[in-house]
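Here is the structure we will look at.
The values are calculated or read from the model by the stated rules, or taken from the named source; none is laboratory data. Quantities reported herein were computed from a predicted structural model and do not represent experimental measurements. Virtual Cβ from ideal backbone geometry, glycine too; neighbours counted across all protein chains shown. Surface areas here come from the heavy atoms of the whole protein model, side chains and all, with no ligands, DNA or RNA. Shrake-Rupley method; radii C 1.70, N 1.55, O 1.52, S 1.80 Å.
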Amino acid sequence: MNLITKVKKSIKSVMTKNTKSDQLAALLNFLGLQDTDKSELSEATYFACLKVLSETLGKLPLKLLKHNDNNGVTTCREHPLYRVLNERPNKFMTATTFWSTMEYNRSHYGNAYALINTRKIKGNPETSLWILPSDKVEIWYDDKKIISDIPDIYYRYSCTAGVFTFGSEEILHFKTSSTFDGITGLSVREQLKSTIVGNNKAQELVNQMYDSGFTAKAVVQYTSSLNGENEKEFVKGIEKFATGKFSDEEIKNIIPIPLGATLTPLNIKLADNQFIEVKKYTALQIASAFGIKPYQIGDYDKSSYSSAEAQQLSFYIDTMLYIIKQYEEEISYKMLSEEEETEKGMFFKFNVSVILRADQSTQIETLSKGVSNFIYTPNEARAFLDLEAKEGGDRLLGNGASIPVEYTGAQYINMEGKEEKLYQWIQKTIKETLEKALQKA
């Protein structure tokens, strides 16, 4: 009985005994969507950074490609893994949800894990991917060969059905770039714990000031003598008027002071304490640790980009390129067989053109130049625009003034007596072109 079957049975038993809230918790735990520590997520900048990274990865289509004999690549849509990784990793999640959740776990916990579950249905292997909660997985290195005769990295997963141990080939493991052993990643929240906690406390201070109607602490001076209980009631009465919480809702801005008493406020001015500047600097520190650009968290003060396209290119090169490359390498190595990867030249690749897409005018201009300079065929250019292929559009076209490199400068050479050779070359070129066209047909 594999992990999926055991967990399903365990959840089923929970469903029959526990309340709806417990049932939902068990299901979310099974899907890797359990509640996380909300102390960090309540910090606006930290949450925004997680959101940017997870949604960016989630919007990238993951394709299975294969090198062909012409040094190009073709899409392997017929491969059974294509639909699993590009459309539906498991029956509960779309690919968008799955990869964004994986990135969310990787960024928050420092490590993200997915179980590769393969089973046979009617004799045919069927693969699905299941997210394992990052805080429920331990990484073990069996250097003393206790678990197996071959030293390997093992993943121990604890859940409602028990403790399960998986080999390195059974788990997709994605980690942050901050790692000292190359195996376990460190999360940003661990590295910037004091910074994030400080920002949370700063937000709590603002919330308290809102609750109190921005009324700061004050000193009450009075000439009479009051005992302990009367003194508390006296102060409570004044504070109710100060915070607008008195029973009479019509009185909001007047604080009645008894004769012989003086109320002296101890004002706390946020500007005097450079509160806004410190909070903004802290936000930039958190964003910088994630590799998030200031404009992505709403700071446009020092934006030096000439266009949105330049912004996205900078974000892709500086931040997402490392993350995407790690995902591609891990998925290709563990999801494809050695024969598929080495002999057939198959590999997984995210389509980054989704985040680097230019405006319509620039895109058409770029494709037009590619067609006229023998880079794209018309049908390849049309495919970028999601347009159907047209007859005769699979041939490379170009500027009529373009000539093969070996004939560069031929127009300046005296052609006397060489017309025959030129005629033969033209005939040969036409013949080869026709033969290639017939072979493709």
> L85 fails exactly one of the following numbered conditions: (1) surrounded by 15 or more Cβ atoms within 10 Å (Cβ to Cβ); (2) at pLDDT below 95; (3) closer than 30 Å to Q191 by Cβ. What is the number of that condition?
Replying inline: (3)
>> Given (1) part of a helix (DSSP H, G or I); (2) in contact (Cβ under 8 Å) with a residue 40 or more places away in the chain; (3) under 25 Å from R357 (Cα atoms), identify the lone condition not met by R83.
In response: (2)
> Considering only segment 123-178, how many residues are within 21 Å of F98 (Cα to Cα), charged (D, E, K, R) and surrounded by 15 or more Cβ atoms within 10 Å (Cβ to Cβ)?
Replying inline: 3
> For segment 310-339, which residues satisfy the criterion of being open to solvent by 40 Å² or more (accessible area, probe 1.4 Å), in a helix (DSSP H, G or I) and over 23 Å from R357 (Cβ atoms)?
Replying inline: E329, Y333, E338, E339
> Can G58 be described as crowded, with 16+ Cβ neighbours inside 10 Å, modelled with pLDDT under 90 and within 21 Å of F350 (Cβ to Cβ)?
Replying inline: no
> What number of residues in segment 88-103 are over 16 Å from K59 (Cβ atoms) and assigned to a loop (DSSP other than H, G, I, E, B)?
Replying inline: 3
> If A112 passes every condition in (1) assigned to a strand (DSSP E or B); (2) more than 20 Å from F47 (Cβ to Cβ) but one, which one does it miss?
Replying inline: (2)
>> If a residue must be in a strand (DSSP E or B) and closer than 28 Å to L81 by Cβ, how many such residues does segment 141-157 contain?
In response: 5
> Which of (1) free of Cβ contacts under 8 Å to residues at least 60 places away in the same chain; (2) open to solvent by 60 Å² or more (accessible area, probe 1.4 Å) is the odd one out, the single condition F92 does not satisfy?
Replying inline: (1)
